[in-house]
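To keep things clear, I will list the structure first and then write my remarks on it.
The values are calculated or read from the model by the stated rules, or taken from the named source; none is laboratory data. Just so it is clear, the model here is predicted, and its values are computed rather than measured. Reconstructed Cβ throughout: ideal geometry from the backbone, glycine too, with neighbour counts over all protein chains shown.
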């Protein structure tokens with residue numbers, strides 16, 4: 001086994017000698033640095049090294065490729081021409097400054113060039129600040145002593161930057177996925193603590209917090225119809241409603257609200273959760289306005305509105321011409337189909353003129369009984385009068401009914 005390992009080592013060295021220095025993958029090492037990583041360019045990770053020092057640049061740069069007859073070192077200067085200025089020779093050199101370094105190695109037959117960058121990531125404090133705040137947006141920034149580290153691709157001199165990742169969190173359930181030192185977020189509706197944390201290249205976290213007192217408000221309300229649902233009353237929703245329409249409006253706004261105003265059709269209110277009855281056949285606009293300042297204040301404030309439109313329909317009165325009071329739950333009563341009636345009365349008589357049913361409630365119907373007994377099948381006659389909520393809106397209807405019973 002030992003003999004085999006020796007043969008493999010000899011073959012490796014011979015291959016390296018035949019192919020020259022460019023074959024070897026070892027490049028540059030830096031004493032004094034505590035962290036290193038590969039430089040990344042547009043085409044991906046490179047073989048160029050980036051070395052990080054905690055406090056200051058000190059130590060040596062060493063070319064780890066042995067066997068060269070010369071080692072020529074140059075330092076990068078973006079302001080000069082040529083960019084790379086030769087300043088030292090030797091396999092190992094002392095270092096004192098940040099920046100880019102290049103070493104050219106040759107052995108008389110082959111040559112190779114390697115690059116590295118030295119940085120001291122300066123980060124000793126962080127402070128979260130409010131840059132701008134209005135009713136819509138909040139701009140926050142993290143002030144640090146850190147400047148992005150800049151290095152260049154030796155192939156085309158294109159600059160690249162080493163930035164830190166800023167992690168923002170809130171005391172609410174809002175998640176911020178922005179990782180930059182300056183962020184813009186939607187203005188919150190509640191007082192919020194913002195925390196920013198940055199971890200430097202040496203895995204040391206720096207954190208800062210700030211408390212933000214919310215000024216943004218958002219108007220929102222729930223509209224609830226309180227009247228009971230009657231099967232024969234034509235009443236679909238607030239978009240197609242029958243009077244009288246009784247409604248409760250519940251404020252569900254967000255934010256530190258100090259002023260609230262309602263427009264309830266033709267009436268105005270400052271109640272938190274007002275109640276209103278709509279009777280006029282027309283479109284009624286409901287508007288809720290909220291502010292972050294007292295109603296009489298002229299200082300800066302945030303304001304928002306929410307609104308809906310209610311349509312109260314004109315009156316309607318119609319009757320069927322037959323019903324079957326047999327207890328099957330289908331057409332068991334003689335009922336009118338109606339909408340938006342202010343007054344109502346119906347009288348039903350039999351063929352001999354005897355009154356069998358009288359009512360002033362359009363929500364109720366005749367069940368086909370007279371004095372607790374079933375009325376005989378046949379033809380009956382009705383006289384109905386009604387008034388709507390619109391002026392001079394009257395209904396007078398006469399007709400006959402077929403009371404049908406199964407044999």
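The set of residues in segment 216-241 that are modelled with pLDDT of 95 or more and part of a loop (DSSP other than H, G, I, E, B) comprises 216, 217, 219, 220.
Taking residue 177 as the residue in question, decide whether it is modelled with pLDDT under 95 and surrounded by fewer than 16 Cβ atoms within 10 Å (Cβ to Cβ). No; evaluated as a whole, the condition is false for this residue. Checking 382, 344, 338, 357 one by one, the residue that is over 53 Å from the mean Cα position of the chain (by Cα), surrounded by 17 or more Cβ atoms within 10 Å (Cβ to Cβ) and either free of Cβ contacts under 8 Å to residues at least 60 places away in the same chain or over 19 Å from residue 404 (Cβ atoms) (or both) is 357 and no other. Among the residues making up segment 92-107, those that are closer than 21 Å to residue 47 by Cα, surrounded by fewer than 18 Cβ atoms within 10 Å (Cβ to Cβ) and out of contact with any helix residue (DSSP H, G or I) (no Cβ under 9 Å at 6 or more places or on another chain) are 92, 93, 98, 99. Determine whether residue 50 is part of a strand (DSSP E or B), at pLDDT below 95 and crowded, with 16+ Cβ neighbours inside 10 Å. For residue 50, the condition - part of a strand (DSSP E or B), at pLDDT below 95 and crowded, with 16+ Cβ neighbours inside 10 Å - is not met. Can we say residue 57 is crowded, with 16+ Cβ neighbours inside 10 Å, assigned to a strand (DSSP E or B) and in contact with a strand residue (DSSP E or B) (Cβ under 7 Å, 6 or more places away or on another chain)? No: the conditions fail for residue 57. Those strands (runs of 3 or more DSSP E) of segment 289-407 in which at least 1 residues are within 30 Å of residue 135 (Cβ to Cβ) and touching a strand residue (DSSP E or B) at 6+ places or on another chain (Cβ under 6 Å), considering only elements entirely within it, cover 303-311. Residue 299 falls short of the stated requirement of being over 28 Å from residue 240 (Cα atoms), surrounded by fewer than 15 Cβ atoms within 10 Å (Cβ to Cβ), modelled with pLDDT under 95 and not assigned by TED's automatic domain parsing to the domain that holds residue 238. With free of Cβ contacts under 8 Å to residues at least 12 places away in the same chain, assigned to a loop (DSSP other than H, G, I, E, B) and outside the structural domain of residue 194 (by TED's automatic domain parsing) as the only criterion, which of 173, 156, 177 stands out? On inspection, the qualifying residue turns out to be 156. When segment 93-112 is filtered for residues that are free of Cβ contacts under 8 Å to residues at least 40 places away in the same chain and under 51 Å from the mean Cα position of the chain (by Cα), the ones remaining, listed by number, are 96, 99. In the set 250, 197, only one residue is modelled with pLDDT of 95 or more, surrounded by fewer than 19 Cβ atoms within 10 Å (Cβ to Cβ) and closer than 30 Å to residue 50 by Cα; that residue is 197.
Does residue 28 satisfy being surrounded by 10 or more Cβ atoms within 10 Å (Cβ to Cβ), within 26 Å of residue 156 (Cβ to Cβ), in contact with a helix residue (DSSP H, G or I) (Cβ under 7 Å, 6 or more places away or on another chain) and at pLDDT 80 or above? In short, no.
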